[in-house]
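These notes concern the structure reproduced below.
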Amino acid sequence: MNTPVKPLPFQERAMHSYTLSLWIQLAGILLLALLWFATVRLVQQDYDDELQAAFQTQATLARAMDLQVQEVLNDADGVLLAMKQSQEYRGNITAELRQVLEMSNLAKFAAQASILDVKGNFIFSFQPVPPTANLADRAQFRAHVERDTGTYYIGPPVQGRVSGVQSFHISRRINTADGSFGGVVSLALQTRYFTEIFAKITQEPRNFFLFGRDGLIRATDDEFAGQIGQNLKEQPIFEKIRSNPLQGEYVGIGAITQKQKLSSYRAVGAYPLYIVVAADE
């Protein structure tokens, strides 16, 4: 019977040293893995915290801009109703109403206030117009010809044919005594006015867009002023709006900026408009 050869003492020490070294290496790898995992979790938590803080800021700015736009539109529609009533019941703009219009802040946000007859000719104009001026082909006129919706219409952005100012119109239909079409009362809201409002409420580099349910951009900041009139209907923002029509947020490539953006949006009260405030991620 063969007796096993017993390892020499120095062989035993070498094996123990190798085993210990292996365990130390494994422990080191495990420690590094744990540190890496913890670091990733901390970075992710920091990113999530920063993201939520950014969205909160964006949402606050969008809300502030929403209130400002609503105030302008409410004032504008109040003027329209007063002009509409004066034309329907008096047949003209009274001297008292004209004085009220001149004393109001109308000129701050409106490039023009006008009443058009059934052919699109000017009956009344807040600003001087040429005798041959006609707006029968404009959307703010055509929207009211066929039927009375009983409410306002917000048109697409245009370059003012008379004023030369970039604007979009809010208008209402005028009815005759028998309810037939009697013309249109309209206000041209300056897109620049909304740009200046946004510049006052934010002190950091951010973008904003005011656009309609039709997708058309009606106002934006100075950086993208050349994009007014572009249609966003096929962009990801409308996917968000369809699922959350009142307000929401998302991270993604901006349709206009073509950069990764943090964006917050909200509906402008009951008006068919939306505000988006965006910042670089």
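The values are calculated or read from the model by the stated rules, or taken from the named source; none is laboratory data. Everything numeric here is computed off the predicted structure, so don't read it as measured data. Cβ placement follows ideal geometry from the backbone for every residue including glycine, while neighbour counts extend to all protein chains displayed. Each accessible area value is taken on the protein alone, full model and side chains, heavy atoms only, with ligands, DNA and RNA left out. Shrake-Rupley method; radii C 1.70, N 1.55, O 1.52, S 1.80 Å.
Fully extending the segment from residue 161 to residue 139 would add 6.6 nm, taking 0.36 nm per residue of separation and subtracting the current Cα-Cα distance. Under 14 Å of direct C-alpha separation, and excluding same-chain neighbours fewer than eight residues apart, residue 119 reaches these aspartates and glutamates: 137, 146.
Counting Lys and Arg as +1 and Asp and Glu as -1 over every other residue whose Cβ lies under 13 Å from the Cβ of residue 151, the net charge comes to +2. In the assembled protein chains, residue 145 presents an accessible area of approximately 50 Å² (probe radius 1.4 Å). In this structure, the residue pairs whose Cα-Cα separation is over 24 Å, taken from 200/240; 108/233; 84/200; 200/233; 240/261, are 200/240; 108/233; 84/200; 200/233.
Between amide H atoms placed 1.01 Å from N, distances below 5 Å from residue 169 occur with 155, 189, all of them 5 or more places distant or on a separate chain.
Taking the Cβ of residue 263 as the centre, find all other residues whose Cβ is under 9 Å away and add up their charges (Lys, Arg: +1; Asp, Glu: -1). Around residue 263, the surrounding residues sum to +1. Checking the a/c ratio against 1.5 first, then a/b against b/c, what shape does the Cα gyration tensor give for the stretch 55-108? Prolate is the answer for the stretch 55-108, as a/c is 1.5 or above and a/b outweighs b/c.
3J(HN,Hα) along the stretch 138-151, derived from phi through the Karplus expression 6.51 cos²θ - 1.76 cosθ + 1.60 where θ = phi - 60°, amounts to 7, 4, 5, 8, 4, 5, 10, 5, 6, 7, 9, 7, x, 9 Hz, with x in place of Gly and Pro. Between residue 125 and residue 231, the FRET efficiency from the beta-carbon distance, with R0 = 45 Å, is close to 0.90.
Where does the charge balance sit around residue 227 when Lys and Arg score +1, Asp and Glu -1, over other residues with C-beta under 13 Å from its C-beta?
For residues surrounding residue 227, the net value is -2.
A simple rule links phi to the HN-Hα coupling: the Karplus curve 6.51 cos²θ - 1.76 cosθ + 1.60 with θ = phi - 60°, which for the stretch 80-91 gives 4, 5, 5, 5, 4, 4, 4, 6, 6, 9, 10, x Hz, with x for Gly and Pro. Taking a ≥ b ≥ c as the square roots of the eigenvalues of the Cα gyration tensor, an a/c ratio of 1.5 or more together with a/b no larger than b/c marks the stretch 112-176 as oblate.
Ligands, DNA and RNA excluded, the heavy atoms of residue 204 present near 110 Å² of accessible surface to a 1.4 Å solvent probe.
You can think of it this way: the chain between residue 90 and residue 177 has 30.2 nm of extra reach, that is 0.36 nm per residue less the Cα-Cα gap. Computed with a 1.4 Å probe on the full set of protein chains, the accessible area for residue 60 sits at about 90 Å². Annotation: amide H-H contacts under 5 Å for residue 232 (H modelled 1.01 Å from N, sequence separation of 5 or more, or interchain): 216, 217. With contacts taken as Cα pairs under 8 Å and at least 6 residues apart, the stretch 107-203 reaches a relative contact order of 31 percent.
Work out how much length residue 151 to residue 52 would gain on full extension: take 0.36 nm times their residue separation and subtract the Cα-Cα distance, in nm to one decimal.
On the way: separation 99, 0.36 × 99 = 35.64 nm, distance 3.87 nm.
Net length gain for the segment: 31.8 nm.
In terms of its C-alpha gyration tensor, the stretch 134-281 has a prolate overall shape, because the principal axis ratio a/c (a ≥ b ≥ c, square roots of the eigenvalues) is not below 1.5 and a/b outweighs b/c.
Applying the Karplus relation 6.51 cos²θ - 1.76 cosθ + 1.60 with θ = phi - 60° to the stretch 218-230 yields 3J(HN,Hα) values of 9, 7, 7, 7, 4, 4, 10, 4, x, 9, 4, x, 5 Hz, where x marks Gly and Pro.
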